[in-house]
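The values are calculated or read from the model by the stated rules, or taken from the named source; none is laboratory data. It should be emphasised that the depicted structure is a prediction, and the values quoted were computed from it without experimental measurement. Quick reminder, even Gly has a Cβ in these numbers, built from the backbone with ideal geometry, and neighbours come from all protein chains shown. We work out accessible area using only protein heavy atoms, side chains counted, and drop any ligands, DNA or RNA first. Shrake-Rupley method; radii C 1.70, N 1.55, O 1.52, S 1.80 Å.
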Amino acid sequence: MKFLINRLLLSALLLLSANAFSQTPREELEQIRQNYIQSLISFNDDSDLLNRILAGIPPETEMSDQVVVELHQRYPFNMEGIKAYMESINDDGSWPDINYKDTKRSGWEAKLHADRVLELAKLYHAEGASCTWSPRISSVIHRALGYWFRTKPVCGNWWYNEIGIPKTFGPAFLLLRTQLTPDEQRGAVEVMDNARFGMTGQNKVWLAGNVLMKGLLLDDYALVKAARDTIVSEITTGREEGIKSDWSFHQHGPQQQFGNYGLAYLSEMSFYSGLFAGTSLALDARQQSILDNLLTEGYRWIIWRGCMDVNALDRQLFHNAPLHKALSVGYAANVLRKGSPAADAEKLQAFLDDNFPPRQSGGSGFTGQKHFRDSDQTIHRASRWMASFKMASERVIGTELVNEDNLKGFYMGDGATYIYRNGDEYLNVFPFWDWRKIPGVTSYESDAPVPSPRNYGAHVRNETAFVGGGVTDGHTGMTAMILNRDGVHARKAWVITDEFVLCLGAGIRTDSTLTLATSIDQRNKRGELSYFGNNSWTPVNGTFSASGKALRFFHDSTGYILMQPENSVAIAEKRSGSWSDFMGSYTPQRVEGEVVSLYIRHPKEAPATYLYIILPASSAENTATFRIEDIRVLRNDEGMQAVGVDNRFYITAYREGSIRLSNVITLDIQTPGIYLLSSENGSVRFAASDSTHTLSSLSVKINEHELKIMLPAGQSPGQSIFPVLYQN
């Protein structure tokens, strides 16, 4: 009870404005230290909803993602585990189960030593010196520190030496600050000296954060302020790396990094928002607003029912990654809302209410369609489902392989398409994937190993500028790409409404002798995969193929209608695999699972096409009775892909051309791009997008009336409906 009262008093103190009283630099240092310590100890507060949700997720046994490592530091104290390594510590301060000579660049085992010291320091601080365990805990801590200071382990990956290790030991040093001997104090400073100001993006923030901890350890206000200023200098937009104008996040060049560096950035910056609160170093309104917008206009789009979109994970395909990374965004939202203006706080709270725990009725309250123009990614959110489409271009890198992360992800930026209802449809499916059949991509069908970016240079670009665009009226829309990569050529487009996703492919060819295939879906098996034929549903076991009329399949609340059934394949089967096959930090170990996979093989005789419909959050009955004829495919070729649905028309024009949309509307497209028209009562409303991202205007004619569309400066094309442009 006394501990709780002290915490409440401290929390009340921290809420006071810096203007409420004048603090000396020494007083501010002490307040920041106490804010830091409070944040560490509050991790174990089981009254917090997010902490309770986290406690329900089994802890990971192998981790190399820093965000997940820090998330795991929020778990309640594992007293059984703590007791085990307190009893097993060697006389020299090492632990027998840690390989201190480990040479892995990711998941470096020696870091476990620092993790344990931090956990012990938190327990020691939380329990207090009067606890019967305290003398034993203190003895183990000092012995473990002595071993590290004497042996000075070094990793072959600079990140651990300069960021990971100081970032883990630093909080422990702060908690133990009054307990360290002079020799230990010097050893602690030596560890923190490995971090210096430098680099860019999130690496710059991590390094400056470590310098800040050193300043707190040494009572150096000038160093703390310099570190703070370096950190907040990254709270900006418009740079090559960092927060982009569409509220995505880039690092390692023009590459979407929502789930990796971007999430680390959001977690860190939200932490600093709370750390400096109540002092002269607090974030200003502009900086707070940027962080709020990054979450509400960026991350909010790619979290569905407490899971992060697979397209946002990029190379970090860790066990339970969608759960862990979404929860990390939840913690960031929880901190940011406390220091945000009312309007932003309301959005942040709505995000939390939508995902933690997920809404059980009524679906998501956050719906719409957004194209992340800077990252070639489109998101559609209906009330009961979400879809994500990830592309790449000569402007945007599709994926990367770093430190043996993502060893098989070569095709992850080639139109990857994920459909979610529950959010966990692809959770931990990766060991069982055919990595040439990532959902939505067109690639070679082969048993040969998946290409590695290392064999093709540092980054392999899709060699075209015509990608993305993402024209939308806010509720429906179209996105498209030309695929020209690794010898594969295709025109790929998606028409997305709240009822269905229509997938179109044209001009599919290659000079290779290998067969090409387009993957429709590949996900965890949840219940039966069924095929509709002879007016009844039949379970699919093993591999199924058929020809004739459109094929209809249903699985896990999702319908699939293959409008060109020739060469179509459906599979429901058990598979085995290993996480270490694609993530080198994991210990080789076989695991088993069940997978549903649907795909289309493409003949080599002529450029191939495909047409299929996905019905998310649907039923078997709706899949069986869905009226294909209501979707009018007007063209699907290398020059144009055009579709009519009710009074709307979706057109991707890869070159100039004309198309008759109805008895009263003929469209003459003079500029390639993506177009959306809606016709009602003799009027036409128009939206357009430049998929090359280089033009300032597009030109069309409607029934011989020429129209030049000026794309709004500083605004993503296609995000606004233009006014009435033509009246019959």
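Name the residues in segment 685-710 that are modelled with pLDDT of 80 or more and in a strand (DSSP E or B), would you?
Passing the criteria: R685, F686, A687, A688, S689, L698, S699, V700, K701, I702.
Within segment 686-708, track down each residue that is open to solvent by 40 Å² or more (accessible area, probe 1.4 Å) and hydrophobic (A, V, I, L, M, F, W, C).
L695, the sole residue that qualifies.
Please report, ordered by residue number, the helices (runs of 4 or more DSSP H) entirely within segment 74-187 with at least 1 residues that are open to solvent by 40 Å² or more (accessible area, probe 1.4 Å) and of a type in the set (A, V, I, L, M).
Those helices (runs of 4 or more DSSP H) span 79-88, 111-127.
Given the criterion of a type in the set (K, R) and farther than 17 Å from E268 by Cα, identify the matching residue among R239, R228.
On the way: R228 fails: farther than 17 Å from E268 by Cα.
After ruling out the rest, the residue left standing is R239.
Give the number of residues within segment 552-572 that are surrounded by 22 or more Cβ atoms within 10 Å (Cβ to Cβ) and without any contact (Cβ under 8 Å) to a residue 40 or more places away in the chain.
Of the residues in that region, 1 qualify.
Under 7 Å between Cβ atoms, which residue pairs at least 6 apart in sequence (or on different chains) link something in segment 485-507 that is in contact (Cβ under 8 Å) with a residue 12 or more places away in the chain with a partner that is of a type in the set (V, I, T) and outside any strand (DSSP E or B)?
The qualifying pairs are R485/V460; I496/T476; T497/T476.
Tell me which residues, restricted to segment 553-575, are of a type in the set (A, V, I, L, M, F, W, C) and assigned to a loop (DSSP other than H, G, I, E, B).
As a first pass, look at segment 553-575 and keep what is of a type in the set (A, V, I, L, M, F, W, C): 553-554, 561-563, 569-572.
M563 - this is the single residue of segment 553-575 that is of a type in the set (A, V, I, L, M, F, W, C) and assigned to a loop (DSSP other than H, G, I, E, B).
If you check every pair at least six apart or on different chains, which have Cβ atoms under 6 Å apart with a residue in segment 216-244 that is under 20 Å from Y299 (Cβ atoms) first and a residue that is assigned to a loop (DSSP other than H, G, I, E, B) second?
Partner pairs satisfying both residue conditions: E241/T200; E241/Q251; K244/D374.
Inspect all residues belonging to segment 573-580 and state whether any of them is touching a Pro at 6+ places or on another chain (Cβ under 9 Å), farther than 24 Å from Y444 by Cβ, of a type in the set (D, E, K, R) and open to solvent by 20 Å² or more (accessible area, probe 1.4 Å).
No, that holds for no residue.
If a residue must be open to solvent by 30 Å² or more (accessible area, probe 1.4 Å) and part of a strand (DSSP E or B), how many such residues does segment 540-551 contain?
2
Suppose we filter S683, S619 for residues that are open to solvent by less than 30 Å² (accessible area, probe 1.4 Å) and hydroxyl-bearing (S, T, Y); which single one remains? Step through it out loud before you land on a result.
On the way: S619 fails: open to solvent by less than 30 Å² (accessible area, probe 1.4 Å).
After ruling out the rest, the residue left standing is S683.
With open to solvent by 50 Å² or more (accessible area, probe 1.4 Å) and not in a helix (DSSP H, G or I) as the only criterion, which of L667, L634, L676 stands out? Steps first, answer last, please.
On the way: L667 fails: open to solvent by 50 Å² or more (accessible area, probe 1.4 Å); L676 fails: open to solvent by 50 Å² or more (accessible area, probe 1.4 Å).
One residue alone meets the criteria, L634.
Could you give me the residue pairs with C-beta distances under 6 Å whose first residue belongs to segment 433-444 and is in a loop (DSSP other than H, G, I, E, B), whose second residue is of a type in the set (D, E, K, R) and open to solvent by less than 10 Å² (accessible area, probe 1.4 Å) wherever it lies, and which are 6+ apart or on separate chains?
From segment 433-444, the pairs are P439/D521; V441/D414.
Can you find, within segment 642-664, the residue that is most open to solvent (accessible area, probe 1.4 Å) among those that are over 25 Å from D498 (Cα atoms) and assigned to a strand (DSSP E or B)?
Restricting attention to segment 642-664, the residues satisfying the condition of being over 25 Å from D498 (Cα atoms) are 654-660, 663-664.
If we keep only those that are assigned to a strand (DSSP E or B) too, we end up with 657-660.
Working: G657: 18, S658: 70, I659: 12, R660: 142 Å².
Residue satisfying both the conditions and the ranking: R660.
With the requirement that a residue be touching a helix residue (DSSP H, G or I) at 6+ places or on another chain (Cβ under 7 Å), assigned to a loop (DSSP other than H, G, I, E, B) and buried (at least 18 other Cβ atoms within 10 Å of the Cβ), what does segment 214-253 give you?
Correct list: E234, I235, E241, W247, S248, Q251.
Looking only at segment 409-442, count how many residues are touching a helix residue (DSSP H, G or I) at 6+ places or on another chain (Cβ under 7 Å) and farther than 21 Å from I379 by Cβ.
Qualifying residue count, segment 409-442: 2.
Please indicate, with yes or no, whether at least one residue in segment 607-628 is at pLDDT below 95 and out of contact with any Gly (no Cβ under 8 Å at 6 or more places or on another chain).
Checking segment 607-628: not a single residue is at pLDDT below 95 and out of contact with any Gly (no Cβ under 8 Å at 6 or more places or on another chain).
Hey, among the residues in segment 488-539 that are at pLDDT below 95, in contact with a Phe, Trp or Tyr (Cβ under 8 Å, 6 or more places away or on another chain) and assigned to a loop (DSSP other than H, G, I, E, B), which one's surrounded by the most Cβ atoms within 10 Å (Cβ to Cβ)?
For segment 488-539, the residue satisfying everything is L514.
Name the single residue that is surrounded by the most Cβ atoms within 10 Å (Cβ to Cβ) among those in segment 366-395 being under 16 Å from the mean Cα position of the chain (by Cα) and among the hydrophobic types (A, V, I, L, M, F, W, C).
The selected residue is A392.
Taking the residues in segment 581-615 that are of a type in the set (F, W, Y) and outside any strand (DSSP E or B) as candidates, determine which candidate is least open to solvent (accessible area, probe 1.4 Å).
Step by step, filter segment 581-615, then rank; the result is F582.
If I ask for residues that are of a type in the set (D, E, K, R) and at pLDDT below 95, which ones from segment 540-559 would you list? Spell out the reasoning first.
Kept after step one, since they are of a type in the set (D, E, K, R), are these residues of segment 540-559: 549, 552, 556.
K549 - this is the single residue of segment 540-559 that is of a type in the set (D, E, K, R) and at pLDDT below 95.
Conditions: (1) closer than 24 Å to S134 by Cβ; (2) at pLDDT below 90. S47 meets all but one. Number of the miss?
Condition (1) is where S47 drops out.
For segment 254-300, which positions are surrounded by fewer than 20 Cβ atoms within 10 Å (Cβ to Cβ), closer than 12 Å to I235 by Cα and under 19 Å from the mean Cα position of the chain (by Cα)?
I290, N293
Of everything in segment 326-351, what is surrounded by fewer than 16 Cβ atoms within 10 Å (Cβ to Cβ) and within 19 Å of the chain's Cα centre (by Cα)? Give them in sequence order.
Residues satisfying the conditions do not exist here.
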